[in-house]
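First up is the structure itself, then whatever we jot down about it.
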Amino acid sequence: MNIVILLGAPGSGKGTVAGRLASENANLKHVSSGDLLRGAVAKGTPAGVEAKGYMESGNLVPDALIAQMIKDVVAETTGDVTMLLDGFPRNLAQAKILEEMGAPIRSAVLIDVPDEIIQDRISGRRTCPKCKAGYHVRNLPPKVEGICDVCGEKLTIRKDDNPETVKDRLVVYHRETEPLIEFYKAKNLLKVVDGTAALDLVAKAFSGNM
């Protein structure tokens, strides 16, 4: 088992690319920290119950709690599988926790997209709540409007895709997550992909840099 870390601002398309590649390759496993968190809360797991308390009080879920969820997934993943970590690590503290897990990190791939393009993309983003495949009403529309190509589930709009929320998320990204670029560059693990290209080209470039 190997780990590929996805880096990029919210709306850069990293989740869409990872979801697409994982749906086409059984040896790839897309692991979104946000999905893990929401899933744990919905299932009422011990970690989910603890996380829900932080979320309902408006506080950030501690790094250690998110890390435990990731650690559980790493422990249950065996064989010739490459995990695509999306949303973790989100800061330097989480990156150090990941290193302490001892999981082999193959690379950290940055999907690079300017803020102004990200803000334009967000308004049309749609997500499948079941299989996590991502779409865009203009750039990557599903074959049937509002329906996932992969599993037939009705597509949804995430609450945090509101334009004003996106601006706030970008501020947090530049402050908290962007330092990871230099962190992984110093370890010779960083690969950069032009995220402004067509999705097929981005996916191909991403796959070639894993």
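The values are calculated or read from the model by the stated rules, or taken from the named source; none is laboratory data. None of these values were measured; they are calculated from a predicted model. To get the accessible areas, we keep the full protein, side chains included, count just its heavy atoms, and leave off ligands, DNA and RNA. Shrake-Rupley method; radii C 1.70, N 1.55, O 1.52, S 1.80 Å.
Largest first, the extents of the alpha carbon coordinates of segment 133-200 on the three principal axes equal 44, 29, 20 Å. Can you give me the C-alpha center-to-center distance between segment 29-79 and segment 112-145, rounded to a whole angstrom? That distance is 24 Å.
Here the accessible area of the chain is 52 percent carbon and sulfur, with a 1.4 angstrom probe and all protein chains present.
Contact order, relative form, for the chain: 30 percent (alpha carbon pairs under 8 Å, 6 or more residues apart, mean separation divided by residue count). Computed over the Cα atoms of segment 79-210, the ratio of the radius of gyration to the Kirkwood radius (Rg/Rh) comes to 0.97.
Pairs from the table (K96/K191; K29/K52; K132/K154; K14/K159) lying more than 21 angstrom apart at Cα are K29/K52.
With coordinates expressed along the principal axes, the C-alpha atoms belonging to segment 49-120 extend over 40, 34, 19 Å, beginning with the largest.
In segment 2-42, the ratio of gyration radius to Kirkwood radius, Rg to Rh, stands at 0.98 when only Cα atoms are counted. Accessible surface computed residue by residue for segment 1-152, with neighbouring protein chains in place and a 1.4 Å probe, gives 49 Å² per residue.
For segment 1-81, the spread of Cα positions along the three principal axes, ordered from largest to smallest, is 38, 29, 20 Å. Remark on segment 1-157: hydrodynamic radius 16.6 angstrom, per the Kirkwood mean of 1/r across alpha carbon pairs. Per-residue ellipticity at 222 nm, computed for the chain from helices alone with -39500 (n - 2.57) per DSSP H run of at least four residues, works out to -13000 deg cm²/dmol.
Listed by chain and number, the aspartates and glutamates whose C-alpha is less than 15 Å from the C-alpha of K130, apart from same-chain residues fewer than 8 away, are D35, D149, E153. Computed extension gain for E164 through C131, at 0.36 nm per residue and net of the alpha carbon distance, reaches 9.2 nm.
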